[in-house]
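The values are calculated or read from the model by the stated rules, or taken from the named source; none is laboratory data. All figures in this text were calculated on a predicted structure; none of them were measured in a lab. Because the Cβ atoms are built from the backbone with ideal geometry, glycine has one as well, and the counts that use them run over all protein chains shown.
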Amino acid sequence: MVGDTLIALSFAVHVFRLPLAVSLSPLDSEASKWSFTYMAKFNRRAAERPNELLDAALEQFFRAGFAAAKIEEIARAAGVTVGTVYRYFPSKEALFRAVVERHLDSSWSRGREIAEAYGAMTAREVVALLLSRWEAVLQEPGPRRVAILVMREAPLFPDVVTLYETELLTRGRLSLERALRHGIERGEFPLHPIEATARALIGAPLEQLLWEATFGPLADAGTQSALLVRGLPRLEQLSLAAAPTTPPGGPALPSEPVAPGTLRITTLRPPGPH
């Protein structure tokens, strides 16, 4: 009797794909235990399936490119049928977008560690901390491959590029801008183009990532961002009180010293006739 019950349950689940939701007779205690165990596994597998499909899709998109990637190969890698893939994602384009969305985690640019750093570190050290966290994200297999995919497939998916920029890069750039402004307010940095500087800083790890994906690993990987942070101007380094020069045929420039971090504008008139 138990054997017949097991066969019937297996047939209902595998052929009709029906979850086990029936009550069994108390006499069939063994079958009842089996049904609840199978139901738990069934629900767990169903919950895990989207991530398994996204893992397989990322592998295929990264290896073959979006155009050459086939849903059949993705389904085979995930151990499901093609119909199952389309049950979760209506198109290959939707699957690609879902792959990218899964890795849009901007937590590297915020959180308790960053907040506490403002009270314990210099602004330059906060910038270095943010960049090190961003680089660590791009060393993880998933985010690393997604970043390369977004840059590689940008002409086909401008909306995905915008999503990646808005949800990940822009949030990180704003955190870097905050650290730079903090440095200016504290007198660590002179006035400089904050947005352009933050954009260059957040783009450096991506540039290195693209270089390595195209030309191979770098022996000095990880030093570029450190050099950029070290190269951020220091207030004491900027002095516009350089020795005055006299333009050919023009008036001598004022020789009064200029305070560091300030700008003096001198209007020059063309020389008159000799």
Of all residues making up segment 188-206, the number that are in a helix (DSSP H, G or I) and surrounded by 12 or more Cβ atoms within 10 Å (Cβ to Cβ): 12
Condition met for SER239 (of a type outside the set (A, V, I, L, M, F, W, C) and at pLDDT below 55): yes
Failed item, numbered, when GLU113 is tested on (1) modelled with pLDDT under 95; (2) over 26 Å from GLY203 (Cβ atoms); (3) charged (D, E, K, R): (2)
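Yes/no per residue for (1) under 27 Å from VAL150 (Cα atoms); (2) of a type in the set (Lys, Arg); (3) modelled with pLDDT of 95 or more:
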residue	(1), (2), (3)
ALA46	no, no, no
ALA56	yes, no, yes
LYS70	yes, yes, yes
GLU73	yes, no, yes
GLY83	yes, no, yes
TYR86	yes, no, yes
Helices (runs of 4 or more DSSP H) contained in segment 78-187 and holding at least 1 residues within 21 Å of the chain's Cα centre (by Cα): 92-101, 112-120, 123-139, 141-152, 158-164, 170-185
Tally, over segment 148-206, of residues that are more than 30 Å from ALA67 (Cα to Cα) and acidic (Asp, Glu): 4
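Here are some residues: GLY111, GLY119. Which one is loosely packed, with under 14 Cβ neighbours inside 10 Å, on the phi > 0 side of the Ramachandran plot and free of Cβ contacts under 8 Å to residues at least 12 places away in the same chain? So that I can check it myself, show each step before the final result.
Working: GLY119 fails: on the phi > 0 side of the Ramachandran plot.
It is GLY111.
Here's a check for you: in segment 210-225, which residue that is in contact (Cβ under 8 Å) with a residue 60 or more places away in the chain and surrounded by 14 or more Cβ atoms within 10 Å (Cβ to Cβ) is farthest from VAL146 (Cα to Cα)? Break it down into steps so the answer makes sense when it comes.
Residues of segment 210-225 that are in contact (Cβ under 8 Å) with a residue 60 or more places away in the chain, as a first pass: 210, 213, 222, 225.
Within this subset, residues satisfying the condition of being surrounded by 14 or more Cβ atoms within 10 Å (Cβ to Cβ) are 210, 213, 225.
Details: LEU210: 12, ALA213: 12, SER225: 21 Å.
Filtering segment 210-225 for residues that are in contact (Cβ under 8 Å) with a residue 60 or more places away in the chain and surrounded by 14 or more Cβ atoms within 10 Å (Cβ to Cβ), the one farthest from VAL146 (Cα to Cα) comes out as SER225.
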